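Colleague: Quick one: the structure is below, questions incoming.
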Amino acid sequence: MNDTWNPESQGVLRLPSGRLVRGRALRRPLPPGLQPTFALYLLGREPAPVTWESRWIPWSDFWLPKNKVAAADALREAWTRAEVERVEIACGGGIGRTGTALACLAVIDGVPHHKAVDYVREHYTPRAVETPWQRRFVSRFK
């Protein structure tokens, strides 16, 4: 059973494989419609509880994940689950950390490292991936 996002929904990124992942700003209200079935929350402190399954990746604004190995494992899980589930990736503003994570998902999906940031900027938001070290993180993502 395929229970993923509507590709026209707000914040939904279509990866080259066809997987759909929603990026979101947690500072904004939850968009109307379907809720995620799995989410990764990229925040400096533990997020508020939600009714769907989620994982918290400790990741301060404008920086990188505190544990890069754990973050990479969580992103691989999100990519796998996005084939048949509604996966959400979110941070406070939905741009820097979320964009970085989405670019890493694009790398997992087969986009070359040097094109992943541009892919997310074209298909998600032009402001995605805000800092040089976030771009470097994507370029070195494994």
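The values are calculated or read from the model by the stated rules, or taken from the named source; none is laboratory data. Just so it is clear, the structure is predicted and the values come from calculations on it, not from any experiment. Here Cβ is always computed from backbone atoms with ideal geometry, including for glycine, and neighbour counts include all displayed protein chains. The accessibility values were calculated without ligands, DNA or RNA, using every heavy atom of the protein model including side chains. Shrake-Rupley method; radii C 1.70, N 1.55, O 1.52, S 1.80 Å.
Colleague: If you rank W56, W63 by how much accessible surface each has, with a 1.4 Å probe, what is the order from largest down?
Modeller: Numbers: W56 100, W63 140 Å².
Sorted by accessible area, descending: W63, W56.
Colleague: For the chain, with a Gaussian network of springs between Cα atoms less than 10 Å apart, report the residue from G18, G44, G92 with the top mean-square fluctuation.
Modeller: Fluctuation is largest for G18.
Colleague: As a test of the formula, what do you get for the chain when each DSSP H run with n ≥ 4 contributes -39,500 (n - 2.57) and the sum is divided by the residue count, at 222 nm and rounded to the nearest 500 deg cm²/dmol?
Modeller: Working: 4 runs with 46 residues, N = 142.
Result for the chain, helices only: -10000 deg cm²/dmol.
Colleague: Which value, in Å² and to the nearest 10, is the accessible area of L34 when all protein chains are kept and the probe is 1.4 Å?
Modeller: Only protein atoms counted, so the area is about 100 Å².
Colleague: Sorting E85, E8 by accessible area (1.4 Å probe), largest first, what list results? Write down the numbers at each step before the final one.
Modeller: Details: E85 45, E8 160 Å².
The ranking, largest first, comes out as E8, E85.
Colleague: Using a cut-off of 24 Å between alpha-carbon atoms, which lysines can reach K115, once sequence neighbours fewer than 8 places away in the same chain are excluded?
Modeller: K68, K142
Colleague: If you don't mind, there's one more thing I want to ask. Suppose each label sits 7 Å from its Cα in the direction of the beta carbon; what would the A25-E83 distance come out to in nanometres?
Modeller: 3.4
Colleague: For E122, what accessible area in Å² do you get when you roll a 1.4 Å probe over the heavy atoms of the protein chains, rounding to the nearest 10?
Modeller: So the heavy atoms of E122 present about 140 Å² to solvent.
Colleague: Rounded to the nearest 0.05, what FRET efficiency do Q10 and F62 have when you use their Cβ-Cβ distance and R0 = 41 Å? Please list the in-between numbers first.
Modeller: Details: r = 24 Å, r/R0 = 0.58.
Calculated value: 0.95.
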